[in-house]
Amino acid sequence: MHESRPVTVLGFDYGTHWIGCAVGQSHTRTASPLQPVKVIRQQPDWDKIAQYIKDWRPDRLIVGLPTTMAGEEHAMTQKARRFRNQLQGRFNIKTELIDERLTTREAWQIVEQSAQKQQSKPQLDCIAAVLITETWLNDQSGQT
């Protein structure tokens, strides 16, 4: 039986001030937070994202798609779709959207249960990016 090579993914939790970032790997199906990316004048710090891509050489990029609890789109949904399109266009790496409902709430719960209760919003966004990335990785297990 031949074993496929591990797939590395970068996950993003898009926001208008900060973008949470995480890196994950298919063999472990786990992700780790990276430093958040600042958004200035509605533009992500593309140099920092480019550095992450250079450092991690991801096979896939994942962007959390925010919707209402009923699955309906809102203003942030379109902004996340635009960010996804920009990522794919700039870096020519397949970029997928994944439902991110409840990831921010789950990130808050993780922080509440941890010893480090004083997390900043950008750090929380990175925890949400970890959850987005791990959700995608778990959805892919068995589809390789």
Residues (loosely packed, with under 13 Cβ neighbours inside 10 Å and assigned to a loop (DSSP other than H, G, I, E, B)) located in the range 44-67: ARG57
Residue identified as farther than 12 Å from LEU10 by Cα, modelled with pLDDT under 80, surrounded by 15 or more Cβ atoms within 10 Å (Cβ to Cβ) and among the small types (Gly, Ala, Ser) among ALA80, ALA128, ALA107, ALA70: ALA107
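Would the range 90-102 turn up any residue that is at pLDDT below 65, over 19 Å from GLN35 (Cα atoms) and surrounded by 12 or more Cβ atoms within 10 Å (Cβ to Cβ)?
From the range 90-102, those at pLDDT below 65 are 102; that's our starting set.
Checking which are over 19 Å from GLN35 (Cα atoms) leaves us with 102.
Those left that are additionally surrounded by 12 or more Cβ atoms within 10 Å (Cβ to Cβ): 102.
Yes - at least one qualifying residue is present in the range 90-102.
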Pair list, Cβ < 9 Å and 6+ apart or interchain, from the range 55-74 residues that are in contact (Cβ under 8 Å) with a residue 40 or more places away in the chain to residues that are of a type in the set (D, E, K, R) and surrounded by 21 or more Cβ atoms within 10 Å (Cβ to Cβ): VAL63/ASP13; VAL63/GLU100; GLY64/ASP13; GLY64/GLU100; PRO66/ASP13; PRO66/GLU100
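Would you point out the residue of the range 1-14, among those that are of a type outside the set (Val, Ile, Thr) and crowded, with 24+ Cβ neighbours inside 10 Å, that is farthest from LYS79 (Cα to Cα)?
The first filter runs over the range 1-14 and keeps only residues of a type outside the set (Val, Ile, Thr), leaving 1-6, 10-14.
Add one more test, that the residue is crowded, with 24+ Cβ neighbours inside 10 Å, and what stays is 10-14.
Details: LEU10: 18, GLY11: 16, PHE12: 13, ASP13: 11, TYR14: 8 Å.
Among them, the one singled out is LEU10.
Any idea which of ARG29, ARG41 is closer than 14 Å to TRP136 by Cβ and either of a type outside the set (Phe, Trp, Tyr) or under 12 Å from the mean Cα position of the chain (by Cα) (or both)? Before you say what the answer is, go through the steps one by one.
Working: ARG41 fails: closer than 14 Å to TRP136 by Cβ.
Exactly one of ARG29, ARG41 is closer than 14 Å to TRP136 by Cβ and either of a type outside the set (Phe, Trp, Tyr) or under 12 Å from the mean Cα position of the chain (by Cα) (or both), namely ARG29.
Going through the range 44-54 one residue at a time, which ones are under 20 Å from TRP136 (Cα atoms) and without any contact (Cβ under 8 Å) to a residue 24 or more places away in the chain?
So in the range 44-54, the residues under 20 Å from TRP136 (Cα atoms) come out as 49, 52-53.
Hits for the range 44-54: nothing passes.
Do we find a residue being aliphatic (A, V, I, L, M), in a loop (DSSP other than H, G, I, E, B), touching a Cys at 6+ places or on another chain (Cβ under 9 Å) and touching a residue at least 40 places away in the same chain (Cβ under 8 Å) anywhere in the range 34-43? Can you show your working first?
At the first step, the residues of the range 34-43 found to be aliphatic (A, V, I, L, M) are 34, 37, 39-40.
With in a loop (DSSP other than H, G, I, E, B) added as a condition, the list becomes 34.
Still in the list and also touching a Cys at 6+ places or on another chain (Cβ under 9 Å): 34.
Next, from what is left, pick out any that are touching a residue at least 40 places away in the same chain (Cβ under 8 Å): 34.
Yes.
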Selection from the range 15-43 of residues that are over 24 Å from THR135 (Cα atoms) and surrounded by 15 or more Cβ atoms within 10 Å (Cβ to Cβ): VAL39
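The values are calculated or read from the model by the stated rules, or taken from the named source; none is laboratory data. Since the structure is predicted, the reported quantities are computational estimates derived from the model, not experimental observations. Glycine also receives a Cβ, built like all others from the backbone with ideal geometry; neighbour counts cover every protein chain displayed.
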